[in-house]
Each structure stands twice: as C-alpha cells, then as structure tokens.
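All remarks here apply to the structure that follows.
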Amino acid sequence: MPRIIKPDMNGAGRRFAIVAGMFNEDIVKRLVDGAVGVLTSHGVKDGDITVAWVPGVFEVPLVARRLAAQGRYMGVICVGAVIQGETMHDVYVSENAARGISEVSRDTGVPCTFGIITAHDRDQAEARSGPEVNRGAEAAEAALEMAHLLTRLE
C-alpha cells in the first residue's frame, strides 16, 4: 500500500504572512480580509498573522522573499490586483510578479501562494475579490494546505 499524504488546513500554532500590493487598494483590502478570514477560521491566531503592504504587485516578490527568509512563517500569501490598461504594463507587472513569487517558494522552501488578480477590467477584479469568489481566501487555503503538506514530508 502506498503512503498517501494529503494536506489539511489546520493552522493552529502556525504563523503566516500576507504581502499585499496597495495599487487598487479597495479591491486588495477585500483579498486581505478573505485571506485573514480563512486563516483565523482554521486556527491561526490574529497575532500570528503579519500583513505587509507594498506599493504595488511588482514589489510583492521582494517583500515575500524577505519574510520567507526569516524562517518565522509557514507560508507567505501574496495578494494584489492588476487591471488591464491601454498599454502592456499590466502584462509585464503580472508576469514578473508571478515569476518572482514562484522563485521565492523554490529558493526558500516556504510556500508563497498566488492570490493576485489579473483582470481585463475593474468589474472582473471586483468579482474575484468578493464574498463568493475571493482569490485572497483561495491563496490562504493553499498556504495552509502546503504548510501542512511540507511538514508531513519532513
């Protein structure tokens, strides 16, 4: 019989960080609230959650790396909102953020989850940061699951 390891979302006794890009702050605030709600509903204490606000999504990977490297957090949840404009700026920002966040996970061994909305317009971004669909909450769920899974692999 193979050894089967499935993640769970028990966050009791664990610390998590959230890095939030301030651009489109009203939308991102809802992502942060969704992430915090998931963490606390799964046993993470408020005092074990650090929220670091950065100017925009492009800056998220640097702060995620700094937090992950501290060794204090079981996961870093990255949230933000990139909304398409008239130029290719949104593509460069979101691609570099995704690449950077992925590199932080691989380089540090700390799960850094992607809760960054990439939307064509504000309506799409609002729909992905609401009570029914919230990319911040989904990223927090993934962080909880990965934190548990990685401890089981050790």
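Points worth noting:
- Qualifying position, being open to solvent by 10 Å² or more (accessible area, probe 1.4 Å) and closer than 28 Å to His148 by Cβ, among Asp123, Asp107, Asp90: Asp107
- For region 34-47, the condition holds for at least one residue, the condition being that it is at positive phi and of a type outside the set (S, T, N, Q).
- Of all positions in region 132-143, at least one carries a residue that is more than 12 Å from Ala64 (Cβ to Cβ), touching a strand residue (DSSP E or B) at 6+ places or on another chain (Cβ under 8 Å) and of a type in the set (Asp, Glu).
- Every condition in (1) surrounded by 14 or more Cβ atoms within 10 Å (Cβ to Cβ); (2) touching a residue at least 40 places away in the same chain (Cβ under 8 Å) holds for Phe114 except the one numbered (2).
- The condition (being under 14 Å from Tyr73 (Cβ atoms) and at pLDDT 95 or above) is satisfied by just one residue among Gly109, Gly115: Gly109.
- Helices (runs of 4 or more DSSP H) enclosed by region 39-152 - at least 1 residues per element that are out of contact with any Asp or Glu (no Cβ under 8 Å at 6 or more places or on another chain) and aromatic (Phe, Trp, Tyr): 89-108
- Unique match (being more than 13 Å from the chain's Cα centre (by Cα) and open to solvent by less than 80 Å² (accessible area, probe 1.4 Å)) among Ile18, Ile4, Ile27, Ile49: Ile27
- Selection count, region 127-144, where residues are at pLDDT 95 or above and among the acidic types (Asp, Glu): 2
- Residues within region 52-79 that are crowded, with 16+ Cβ neighbours inside 10 Å and of a type in the set (D, E, K, R), tallied: 2
- Per this entry, Gly11 is counted among residues that are in contact (Cβ under 8 Å) with a residue 40 or more places away in the chain and touching a His at 6+ places or on another chain (Cβ under 7 Å).
The values are calculated or read from the model by the stated rules, or taken from the named source; none is laboratory data. Computed from a predicted model, the values in this text were never measured in an experiment. Because the Cβ atoms are built from the backbone with ideal geometry, glycine has one as well, and the counts that use them run over all protein chains shown. Remember, those area values only see protein heavy atoms, side chains included, never the ligands or the DNA or RNA. Shrake-Rupley method; radii C 1.70, N 1.55, O 1.52, S 1.80 Å.
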